[in-house]
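Trainee: Pasting a structure here, questions to come.
Please treat every number below as a calculation from the coordinates, not as lab data. From a predicted model like this one, the values you see are computed outputs, not experimental measurements. Ideal geometry is used to build each Cβ from the backbone, glycine not excepted, and the neighbour counts take in all protein chains shown.
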Ligand SMILES: [Zn+2]
């Protein structure tokens, strides 16, 4: 089974950048043409814990890890977690953000 988000209709892999940019915007599946959208709420759930840990650790980052290294680790975590856990939904019902 392939990692990463796939179309709920045909299991075609969603382009990587769709998991990073334009979250909540509708787009068409490259294979079956189904209108899909990433859930903003899920994006929040994936990103928020990482950002919280990042901010907490940054406050006491006087010694230890260099700032740029910590920031790079945070950005990498967000990109990887978003790619792994973002799931596209049909856009017509996904247009409602309050799920
Ligand atoms: Zn599809």
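Trainee: With the convex hull built on the Cα atoms of the chain, state its orientation-averaged projected area in nm².
Mentor: 7.2
Trainee: Given an 8 Å cut-off on Cα distances and at least 6 residues of separation, report the relative contact order of the chain as a percent.
Mentor: Relative contact order here is 40 percent.
Trainee: Where does the stretch 25-74 land on Rg/Rh, using Cα atoms and the Kirkwood Rh? Walk me through the numbers before you get to the answer.
Mentor: On the way: Rg = 17.2 Å, Rh = 13.5 Å.
Rg divided by Rh gives 1.27.
Trainee: Another one. Would you mind checking the tilt of helix 40-59 against the longest principal axis of the Cα atoms of the chain, expressed as 0 to 90 degrees and rounded to 10?
Mentor: 10
Trainee: In Å, what Rg and Dmax follow from the Cα atoms of the stretch 14-53?
Mentor: 11.8, 39
Trainee: So what is the calculated 222 nm ellipticity per residue for the chain, using -39500 (n - 2.57) for each DSSP H run with n of 4 or more, over all residues, to the nearest 500 deg cm²/dmol? Walk me through the numbers before you get to the answer.
Mentor: Working: 3 runs with 43 residues, N = 99.
So the helix-based figure for the chain works out to -14000 deg cm²/dmol.
Trainee: Right, something else. Taking Cα atoms, how many degrees apart are the long axis of helix 67-85 and the longest axis of the chain, rounded to 10 and kept between 0 and 90?
Mentor: The two axes meet at around 20 degrees.
Trainee: So, by mean Cβ neighbours within 10 angstrom, what's the order for 64-76, 8-20, 33-45 with the highest one leading?
Mentor: Ranking, from highest mean packing down: 33-45, 8-20, 64-76.
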